[in-house]
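Below you'll find the structure, written out as structure tokens, and then a few comments.
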Amino acid sequence: MKQIIFLLIAMFTVYCNTAQSTNAVTMTRTDYAETITAKDLKTHLYIIAGDEMEGRDTGSRGNNMAANYLRDFYKQQGIPSPENAVDYFQTIESSYFTRMKEPKPSQNVVAFIKGSEKPEEVIVISAHYDHVGVDDKGNIYNGADDDGSGTVALMEMAEAFQLAVKDGNGPKRSVLFLHVTAEEIGLYGSRYYTENPLYPLENTLCNLNTDMIGRIDPNKEDSPNYIYLIGSDKLSQDLHDLSEEVNKKYINIELDYTFNDENDPNRFYYRSDHYNFAKKNIPVIFYFNGVHGDYHKHTDTVEKIEYELMETRTRLIFQTAWEVANRKDRITADKL
């Protein structure tokens, strides 16, 4: 009888191990990308860009509430805090925010997935989670697109990568999810990170920055399946080519380079957090849907977001990060 019981236990153990092994083999990068859904993006955005967050002005109660929400999410997902951060926070003292009349301390929120083969090489995926607060009339500037959309996109991408880790398919290189504060007052959070990096900048392969990916530029209403890319070829032809190839193979939306033109009067290349990485000669891509009538107004609200389109755009960024993390050769700034 004991032999029969032992045999049954052994068979069950083999079955479980085989099932886990099969799962790891059969799940593909596309399967993980497809866990990024419009429904989940919407659920998070209704919280991040809800009235309770009071417009997420740097150092405000709402800004801190948003930071806590992000930290709690990463804890729930089992995605670690970087060892040299304090419980997912990179604290920034109030004196650093020199443009604010009454500055308060704030924090970047960071989570880290360690690479399985080349952990010292790091991809930084960033978005700013702050916005501009409440005006004198009591209007809450929810910042659903700017940049609630990028904030929740990072959350969904991190969850997809963590699912791969659990299946034994984690990225070969490390991925840092960087939610920066104080973008709206002068790119302070990203500047602070690049001045006080948690991982050496010489081993930071690229920065994929996501700032406004939830709406449609009025000029693109007739062809909404697009995303503006800025900066991809300025420091690295390798990164630009990889981005194009990934989109063609896995997503196939229009990559519009209108605002990548050096003569573009909007100068968007210099106006979001990727620029602080670019100044350190780190290759970047800035993902952007363009401005619209609600840009920097209290009417930038959650019900106006194009969630299905945001899902597609987020999957593109995830697939690009996956390729950078797992390809044989590291991305380099080959155009310096």
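The values are calculated or read from the model by the stated rules, or taken from the named source; none is laboratory data. Model, not experiment: these values are computed from the prediction. Don't worry about glycine lacking a Cβ; one is built from the backbone with ideal geometry, like all the others, and counts go over all protein chains shown. Side chains are part of the model used for accessible areas, which takes the heavy atoms of the whole protein and leaves out ligands, DNA and RNA. Shrake-Rupley method; radii C 1.70, N 1.55, O 1.52, S 1.80 Å.
Quick look at the values:
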{"read-out": "Pair list, Cβ under 6 Å, 6 or more apart: the range 105-129 residue among the acidic types (Asp, Glu), other residue surrounded by fewer than 19 Cβ atoms within 10 Å (Cβ to Cβ)", "value": "117/172; 120/203; 121/203; 121/330"}
{"read-out": "Residue tally, condition in a loop (DSSP other than H, G, I, E, B) and among the β-branched types (Val, Ile, Thr), over the range 314-331", "value": "1"}
{"read-out": "Qualifying position, being among the small types (Gly, Ala, Ser), more than 23 Å from residue 203 (Cβ to Cβ) and without any contact (Cβ under 8 Å) to a residue 12 or more places away in the chain, among 138, 148, 168", "value": "138"}
{"read-out": "Subset of the range 218-234 [without any contact (Cβ under 8 Å) to a residue 60 or more places away in the chain and either more than 20 Å from the chain's Cα centre (by Cα) or surrounded by fewer than 17 Cβ atoms within 10 Å (Cβ to Cβ) (or both)]", "value": "221, 222, 223"}
{"read-out": "Filter result for the condition that a residue is hydroxyl-bearing (Ser, Thr, Tyr) and closer than 19 Å to residue 316 by Cα, over 190, 149", "value": "149"}
{"read-out": "Search result, residues across the range 235-252 that are under 16 Å from residue 286 (Cα atoms), more than 18 Å from the chain's Cα centre (by Cα) and surrounded by fewer than 19 Cβ atoms within 10 Å (Cβ to Cβ)", "value": "237, 241, 244"}
{"read-out": "Residues within the range 120-134 that are closer than 21 Å to residue 45 by Cα and among the charged types (D, E, K, R), tallied", "value": "1"}
{"read-out": "Subset of the range 51-71 (residues that are buried (at least 19 other Cβ atoms within 10 Å of the Cβ) and farther than 17 Å from residue 111 by Cα)", "value": "53, 54, 55, 56, 57, 58, 59, 60, 62, 63"}
{"read-out": "Top-ranked residue in the range 15-48 [being touching an Asp or Glu at 6+ places or on another chain (Cβ under 8 Å) and modelled with pLDDT of 95 or more; ranked as surrounded by the fewest Cβ atoms within 10 Å (Cβ to Cβ)]", "value": "37"}
{"read-out": "Residue list for the range 276-319, restricted to those being more than 29 Å from residue 197 (Cβ to Cβ), out of contact with any Ser or Thr (no Cβ under 8 Å at 6 or more places or on another chain) and either among the small types (Gly, Ala, Ser) or modelled with pLDDT under 95 (or both)", "value": "290"}
{"read-out": "Which numbered condition residue 255 misses (of (1) open to solvent by 40 Å² or more (accessible area, probe 1.4 Å); (2) in contact with a Ser or Thr (Cβ under 9 Å, 6 or more places away or on another chain))", "value": "(1)"}
{"read-out": "Residue within the range 190-201 that is in contact (Cβ under 8 Å) with a residue 24 or more places away in the chain and charged (D, E, K, R) present", "value": "yes"}
{"read-out": "Odd one out for residue 275 among (1) under 17 Å from the mean Cα position of the chain (by Cα); (2) open to solvent by less than 30 Å² (accessible area, probe 1.4 Å)", "value": "(2)"}
{"read-out": "Meets criteria (of a type in the set (Ser, Thr, Tyr), open to solvent by 50 Å² or more (accessible area, probe 1.4 Å), under 16 Å from the mean Cα position of the chain (by Cα) and at pLDDT 95 or above) for residue 74", "value": "no"}
{"read-out": "Scope the range 191-207; condition touching a Phe, Trp or Tyr at 6+ places or on another chain (Cβ under 7 Å) and open to solvent by less than 10 Å² (accessible area, probe 1.4 Å); matching residues", "value": "194, 207"}
{"read-out": "Identity of the residue in the range 152-184, open to solvent by 10 Å² or more (accessible area, probe 1.4 Å) and in a loop (DSSP other than H, G, I, E, B), that ends up farthest from residue 43 (Cα to Cα)", "value": "172"}
